[in-house]
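Novice: This is the structure, below, for whatever I ask next.
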Amino acid sequence: LWYRLAVVLGKKTTWFLAMIIMTMSFIYTGILDPSDTKLTDLVIIKVMNILGFACIGVIGPAMVSEIADYGTLKSGVERPAIYFSFFAFVAKSGGAIATALGLGIAGWYGFDVSSTEHSAHSILGLTSAIAWLPVFFTVVALVFIVLTPINTHRYSIIRRRLDAQIANKSISN
């Protein structure tokens, strides 16, 4: 689904769309009332999360490969392993930091997973950790996606120039 959409809309636009879906799922999570939440609400949220994260899993590495090609064009040196290593490091570190921060915030507000009764204050902490902070960070990510200069047109130029360089090298050899 995401691949086909990326072919039609471009990777940058598709990634932006997925992040909007994820942001909407976080907002939906934040406005749920714990005493009135139905299974359908949770299924809708989970489907939205899976759609968003699946797109990141497909489009993220594809965007990194385009950025690596741009780096090759500019420097003349191929370094895709460095780009992908950095991408993996940031993704893994971000997930770990987000998990630790979320658990820390919920605990700081007094949320206790083993408790059967939760105060409004502890629910606020949990909601902040699983909904409102992710909204903030996905909005920041949306800004960076918009500011990414490589789009379908620019990447086609990068690819043509790299292909021309490769052709020139094989002719001279």
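Novice: Kirkwood hydrodynamic radius, the chain, all distinct C-alpha pairs: what's the number in Å? Let's see the in-between values first.
Specialist: Numbers: mean 1/r = 0.0536 Å⁻¹.
Evaluated over the chain, this radius sits at 18.7 Å.
Novice: Related question: From the phi angles alone, apply the Karplus equation (6.51, -1.76, 1.60; θ = phi - 60°) to the stretch 117-126 and give each ³J(HN,Hα) in whole Hz, x where the residue is Gly or Pro.
Specialist: My calculation for the stretch 117-126 gives 10, 10, 6, 4, 5, 5, 5, 4, x, 5 Hz in order.
Novice: Test of understanding: what is the full-extension gain from Ile97 to Ala120, defined as 0.36 nm times their sequence separation minus their Cα-Cα distance?
Specialist: Stretched out fully, the Ile97 to Ala120 stretch lengthens by 5.7 nm.
Novice: I've got another one for you. Obtain the nm distance between the two label points defined at Met24 and Leu73 by a simple spin-label model: each point lies 7 Å from its Cα along the Cα-to-C-beta direction.
Specialist: It works out to 3.3 nm between the two label points.
Novice: Next question, about the same structure. Using a Förster distance of 30 angstrom, determine the FRET efficiency expected from the C-beta separation of Leu1 and Ile166, and round it to 0.05.
Specialist: That pair, Leu1 with Ile166, gives E of 0.35.
Novice: Could you work out how far the C-alpha centroid of the stretch 144-169 sits from that of the stretch 74-143, in angstrom?
Specialist: Cα centroid of the stretch 144-169 versus Cα centroid of the stretch 74-143: 32 Å apart.
Novice: Another question, if that's okay. So, taking all protein chains as they sit and a 1.4 Å probe, how much accessible area belongs to Asp163, in Å² rounded to tens?
Specialist: Accessible surface of Asp163 is approximately 80 Å².
Novice: Taking square-rooted eigenvalues a ≥ b ≥ c of the alpha carbon gyration tensor, is the stretch 126-172 rounded, prolate or oblate, where a/c under 1.5 means rounded and, failing that, a/b exceeding b/c means prolate?
Specialist: prolate
Novice: Still on this structure, please answer the following. When the accessible area of the chain is split by element with a 1.4 Å probe, what percent falls to carbon and sulfur?
Specialist: It is 70 percent, rounded to a whole number.
Novice: State, as an integer percentage, the relative contact order of the stretch 22-99 based on alpha-carbon contacts under 8 Å between residues 6 or more apart.
Specialist: Computed over the stretch 22-99, the figure is 23 percent.
Novice: Still on this structure, I have one more. Work from the charge dipole of the chain (Cβ charges, +1 for Lys and Arg, -1 for Asp and Glu, about the Cα centre) and give the residue of Ile21, Val58, Ala106 farthest towards its positive end.
Specialist: Checking the options against the dipole of the chain, the answer is Val58.
Novice: When ligands, DNA and RNA are left out and all protein chains stay put, how many square angstrom of accessible area per residue does the chain have with a 1.4 Å probe?
Specialist: 65 Å²
Novice: Can you tell me, using C-alpha contacts under 8 Å and at least 6 residues apart, the relative contact order of the stretch 1-130 as a whole percent? Numbers along the way, then the final one.
Specialist: Numbers: 102 pairs, mean separation 28.7, N = 130.
Relative contact order comes out at 22 percent.
Novice: Find how much the distance from Val113 to Ala88 grows on full extension, using 0.36 nm per residue of separation minus their present alpha carbon separation; answer in nm with one decimal.
Specialist: Additional length available on full extension: 5.9 nm.
The values are calculated or read from the model by the stated rules, or taken from the named source; none is laboratory data. As the structure is a computational prediction, the values presented were derived from the model and not from experiment. Reconstructed Cβ throughout: ideal geometry from the backbone, glycine too, with neighbour counts over all protein chains shown. SASA here: full protein model, heavy atoms, side chains in, ligands and nucleic acids out. Shrake-Rupley method; radii C 1.70, N 1.55, O 1.52, S 1.80 Å.
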